[in-house]
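Below: one structure, written as structure tokens.
Bear in mind these aren't lab numbers, they're just calculated from the coordinates by the rules spelled out. Small disclaimer: the values here were computed from a predicted structure and weren't measured. Positions of Cβ are backbone-derived with ideal geometry, glycine not excepted, and every protein chain shown enters the neighbour counts.
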Amino acid sequence: MKTFILLAVSVVALACAGEEIRFDGSVAVALIQGEKRDQALTPAVPSESEAPCLKLTWGERRHRFAELKLRNNRKIAPVEQASAGLTVYVPEKTRVGRIGVRFTDAKGETFQFYPAGEGLKRGAWNTLSYRISETDANSSWGGNADRKVDGALRFSGVAVNFPAGSGAGELFIGKLQLHERQGELLVCGEPFLNFDRSENFALRGNPAEASLKLTDSGWEMAGTVEKRKKFTMVDRKLSLTPYAPAELAVFRLDGAGSTGKGTAALSYTDSTGRKFQAKCNFAPGQKELRFEFPASKAPTGYYSSITVEPEPGEFRLCFTGSERFGRRSAAEAVGFEVDTGNPLHLLLAGEKGKPAFRFINRAAVPLEVQAEVELVDYYGRSVKNAFPLKLAPGEAVSRPLEGTLPALGIWYVSCRITAANDKGDVAVSKRSFAWLKPAGPTPGRAKGFLFGICSHPQRWSLRDQELEALAMAYCGGKVLRNDASWSSLQPAPDRWNFESMDRKVELFGRYDIELAPIWAYTPRWAAAPEVRGKEWKEWFRSLPDYGAWEKFISATVTRYRGKIRLWEVWNEPDFKGRTSYGSDEYAELMKLAWRAAKAADPEVIIQSGGFATVKDHPSRKGNFHEEALVKGRGFFDIHAYHEHGRFASYRAAVEERFLPMRERTGTTVPWYANETALNSLGGERNQAAALFKKLLYSWANGAIGYNWYDLRNDGFDVKNGEHNYGMITNDFQPKAVYVAYNTLAGCFSGAQYLKRIDCKAPELYVYLFSRGGELLAGIWNETNRGATVPLQFSTDAAAAEAVDLMGNARPLAVQGGIVVAEAGRDPVILRLKKASDCIWGGNLVSIDTDGPAVPGSKVKLAIGVRNPYAQEREFRLKLIVPEGVAAVPAERVIRIAAGSEASWNSELSIPVTYRKAAELQLEYAIGADGASGVIGLPLVPARRIASGEMKPEAPDFRMDRRDQAISLFEADPGKVHLTWQGPEDRSARVWLRRDGTQLRLRFAVTDDRHVQPNSGAGVWKGDCVQFALLLPGQDRMWEIGLSRLDSGKSEVFIWSAPSGFDVAGSAAGIRLATSREGTVTCYDATIPLSVLGTTPEALAAGARFNALINDDDGEGREGWIQIAPGIGENKDPAKYPLILFP
């Protein structure tokens, strides 16, 4: 059945041979099978827009996609090539996938196009950009189905895709702007492989028949074969780097030295998984190889290898350079880079100069474009420049930054290039650079606390290794934890190869960076005979021959005596993927390593293997860690420990498990946090803050050093956690965490830890250090409310300043021996110059509310002020409220006697429309020259639970964002496939209702695979719902599990309940029905209020609620997704949303 709705395609002429198609009500549009697919299309004027538009709605039974077809598109001008912009409004609670536009050619074939760029923003109008041409089409059907555009294209419809489990929703479609392109796509040339020190090629094939080496001319492959054979060149970076499609790749050869005949092939896989291989012949004296590819419609892809297949006889090919040629629009043809004069994209404070922007025309025709460059720093400050450009073919120009940078730190650069004759032709490039005062290099070996970094320089090219060493030196790193790969150093019992290791020792040693190598893993030849014939994953983690192990240890320590002092016995031996043997065998390896190493060099320091985790991780081998400490006691000088993840999780692991384990086992040797970090999938800001907190926390809790993992991103995949741990990107652009490390090393290297200052609040962290006549305090507020608290300290400092995470110093007033520093969500360093004392004296200003921000209600504010000075002071206070919120009164001036306190009460009016948390700020200033600042308090709205029907399109909570997902395997390279891949992998919608004297909950969980082999208390290890309720008047929260077992049975289990409740009896009183259809599992629970010991009145007063969805895809619990923190990694009901029932 088709539903026809009238809409106006008011074809309005635009500049640049374009038109604007408004969906406002005059030409018939068909919604294909709308009723059958549970979809409807109606005219609308949403409150978010004054212009009429179309409203597409769909119910819970929605089809995988919706199709809107113009009934008659003859009024719309045809185009051959165009750029299109479709405006759509996505409500806050709506989830949609890709939105395509459709065009039909003269023979009736329909071509579908998807937008390029970032995803849709909810609660806002979006303009989706499309490139319309034959080569840009993602798919086609109908007509003569030849995949070629016959004649011109006319706009014919829109397609809206729905993600699995997205549920009901609505979408508004506004207008389509169509700009016809003024010419063909341009053939553009761009640099490809340099075939120099910037690549690290390896050869696959019989080494007796062919060799590959780097020469002064390029990379040379040569050999002699008796019959045709294939030899493949591979490069790790080449296979990881995404490239836009190209139709031609040209490899230059040293023709004078080219000999032999044969074929060569270049392999490419596009982002859809489609594989291509282009071949060409080579002959003696040939100067180039030309690889031609068919046009690909995928946006990117990856080159995997270069294969050479010579004919019998001698052959030699020397590759000297290469270019790629592809079709690009005018905007895409302009290359963009940021030039700081530094290969690491650093702007060093104290050096003259400023960043410049480099533009190059890669096309063979002149181009005129407009470049808009925006720079945004860590704290959101921005600088904007615009440059009109006229570029001759191949011309490169440089434009210096206009204006000045307001602060040190990371700067993210976005360049938007628009073709002058086609406003719809837009290309966006993103880069970064950092402006900093480098913390290094510093002379000599590290002293005191060890500032270390993990990296794998041997994986990369010679040039990349040099840049890694330089990057580590600049930011103040002193210890490089890296691999001493046994199979690389000793490929056979009688053969050694120290070339790579020697290079690392020399290269990093130039900057006085010492290596801390890891002895691992087992080479095939040193494994037991019964294991050698198995796949590599078996022999590389197997128990090695003890005699071979001792010889390996002795040889490496002997060779690097006096150059390497820190050695580590294996990596993460407590993980199943790292060792296949037990703690007895591992303890024996430690004993053998200790004896052999100390005999070769008594000064070496032996670390235990860096144990991966003390948490309940699916890969952890029971009590291996604890057993190894006991059985190996006396045979390691340092206890090494990892534990990746967020600070809250790390702190809980250290305090609740790691330190108690050390005490239980009598382990007294110092410990070293020698590999622990957080990837940047949750944002670079979170990553940088995690470094600051985890490093200082480890130091304060007895660690002798801290190694960040790792220096450089392992690749470019934005969904792969292993590709996003780096301090810099794989192509050497700095991240925020690099600057944060530089700030920490610059401030704290050589410091001595003194104590944690007790501020009478466990969430306030103040760690005090001394260094060279000054005191340093690392300060932050870990409260879930994210409030900023002004802390007052008594000090004898001559001067003071606050240093932010990016290294910016701000002077602080020191009056009457008092200084005020703010503890907020972003860490800060308090530097007290010429000081010997720092004593907390209380909080200068405090602000609190009498309850949550309930939409449509009043909230009372209590503001406390304390005068720590010896004289009366005037305090000026002013409230800055979120939009729509009113404060009465909003400001006040108070005079407070010396040493006295005062209070001020204000009242906030919360609008009915208040839905999203925003920050309430209080500006304060003491006198004309005293302390001043701004403190903040997030104003979090309570969630009013509706009454009546549970509408599919309006869940009370959603779990579908990356910041809600916890993946247990993000630090395990062998388990990347088990990390969260998006809402289709794991997400949920949640509804709650009070139905008389019953509480009803519904969870609709999207999970690509449902696995629940457990029952009872262990259901958390498999797929299940885990929710928590803290009800008024009860001393503890309820924590309840809802499960659908593999047998199809529904089960309820209660882990915890308030005092006085029988958990088994309470579980029996809860009714649960579950079902699974496709990839969606539904859990419907009904709980009598009497079971929970509560009443309708108590629920109306407010309860704390949270939930998570556990996920197991058959290889153990891989993680969960949660509404809010405080339920999975630890239990903290204060972090839960407050819900109010009618």
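For the range 141-291, what ratio Rg/Rh do Cα atoms give with a Kirkwood hydrodynamic radius?
1.13
Equivalent ellipsoid semi-axes for the chain, as square roots of 5 times the alpha carbon gyration tensor eigenvalues: give them largest first, rounded to whole Å.
Numbers: eigenvalues 422, 396, 222 Å².
Square roots of five times the eigenvalues give 46, 44, 33 Å.
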Signed unit charges on C-beta, dipole axis of the chain, positive-most listed residue Pro529, His617, Gln871: His617
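Over 23 Å apart: what share of the alpha carbon pairs of the range 642-771 falls there, rounded to a whole percent?
Details: 3033 of 8385 pairs.
I get 36 percent for the Cα pairs in the range 642-771 exceeding 23 Å.
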Of Ala295, Thr320, Val234, farthest towards positive along the dipole that unit charges on Lys, Arg, Asp, Glu beta carbons give the range 187-328: Ala295
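According to the Kirkwood expression over distinct Cα-Cα pairs, how big is the hydrodynamic radius of the range 750-891, in Å?
Values: mean 1/r = 0.0602 Å⁻¹.
One decimal place: 16.6 Å for the Kirkwood radius.
Report the percentage of all Cα-Cα pairs in the range 351-404 whose separation exceeds 14 Å, rounded to a whole percent.
Numbers: 831 of 1431 pairs.
I get 58 percent for the Cα pairs in the range 351-404 exceeding 14 Å.
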Ala51 paired with Leu348, simple spin-label distance in nm, labels 7 Å along Cα-to-beta-carbon: 5.2
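Please compute the length gained on full extension between Arg416 and Ser139, using 0.36 nm multiplied by the number of residues separating them and subtracting their Cα-Cα distance. Mind showing how you got there, number by number?
Details: separation 277, 0.36 × 277 = 99.72 nm, distance 2.78 nm.
Gain on stretching Arg416 to Ser139: 96.9 nm.
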Approximate spin-label separation Glu20-Arg71, in nm, with each point projected 7 Å along Cα-to-Cβ: 2.6
Volume per residue that the Cα convex hull of the range 450-750 spans, once the total is divided by residue count, Å³: 130
The range 1058-1135 pair-distance distribution - Cα-Cα, 5 Å bins, rounded %: 3, 10, 14, 18, 25, 18, 8, 3, 1
Mean-position separation - Cα centroids, the range 1057-1128 and the range 995-1019, in angstrom: 7
Rounded to the nearest 20 debye, dipole of the range 187-328 from Cβ charges on Lys, Arg, Asp, Glu: 460
Label point distance in nm, Arg147-Asp848, each placed 7 Å from Cα along Cα→Cβ: 6.8
Signed unit charges on C-beta, dipole axis of the chain, positive-most listed residue Asn144, Val369, Trp435: Asn144
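Could you state the orientation-averaged shadow area of the convex hull built on the Cα atoms of the range 944-1140, in nm² to one decimal? Don't skip to the answer; put the middle values down first.
Working: hull surface 42.2 nm².
Its Cα hull, projected and averaged over all orientations, spans 10.6 nm².
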Zone residues, the range 1080-1111, relative to Arg1071, backbone N less than 16 Å from point 7 Å out along Cα-to-Cβ: 1083-1092
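Based on the Kirkwood radius over alpha-carbon pairs, what is the Stokes-Einstein translational diffusion coefficient of the range 411-487 at 10 °C with 1.306 mPa s viscosity, in µm²/s?
Numbers: Rh = 16.0 Å.
Here the translational diffusion coefficient equals 99 µm²/s.
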Residue order, fewest to most beta carbons within 10 Å, for Glu1077, Glu774: Glu1077, Glu774
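Sort largest first and round to whole Å: the equivalent ellipsoid semi-axes of the range 827-965, each the square root of five times a Cα gyration tensor eigenvalue. Let's see the in-between values first.
Numbers: eigenvalues 284, 81, 25 Å².
Each semi-axis is the square root of five times an eigenvalue, giving 38, 20, 11 Å.
Using the Cα centre of the range 450-750 as the reference point, and only Cβ charges (+1 on K/R, -1 on D/E), how large is the resulting charge dipole? Debye, rounded to the nearest 20. If you can, show how the numbers build up before the last one.
On the way: 39 positive and 38 negative charges, 45 e Å.
Computed about the Cα centre, the dipole is about 220 debye.
Quick check on the exposure proxy: order Trp539, Trp840, Trp991 from fewest to most C-beta atoms within 10 angstrom.
Numbers: Trp539 23, Trp840 17, Trp991 20.
Lowest to highest Cβ neighbour count: Trp840, Trp991, Trp539.
Evaluate the charge dipole of the chain about its Cα centre and quote only its size in Debye, nearest 20, assuming +1 on the Cβ of each Lys and Arg and -1 on the Cβ of each Asp and Glu.
Numbers: 144 positive and 137 negative charges, 116 e Å.
Value, rounded to 20: 560 debye.
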Those residues of the range 484-516 whose amide nitrogen sits under 20 Å from the label point placed on Ala202, 7 Å along Cα→Cβ: 484-505
Mean Cβ neighbour count within 10 Å, used as a protection proxy, ranking 811-821, 682-692 highest first: 682-692, 811-821
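Hey, fewest Cβ within 10 Å first, where do Val604, Val737 land in order?
Numbers: Val604 19, Val737 29.
The order, fewest Cβ neighbours first, is Val604, Val737.
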Net lengthening on full extension, Asp1046/Glu311 (0.36 nm per residue, minus Cα-Cα): 258.8 nm
The range 902-1047 shape via C-alpha gyration tensor axes, a/c threshold 1.5: prolate
The range 992-1049 - Debye-derived log10 I(q)/I(0), Cα point model, q = 0.14, 0.19, 0.29 Å⁻¹: -0.51, -0.83, -1.22
Mean ellipticity per residue at 222 nm, deg cm²/dmol - from DSSP H runs of n ≥ 4 across the chain, formula -39500 (n - 2.57): -3500 deg cm²/dmol
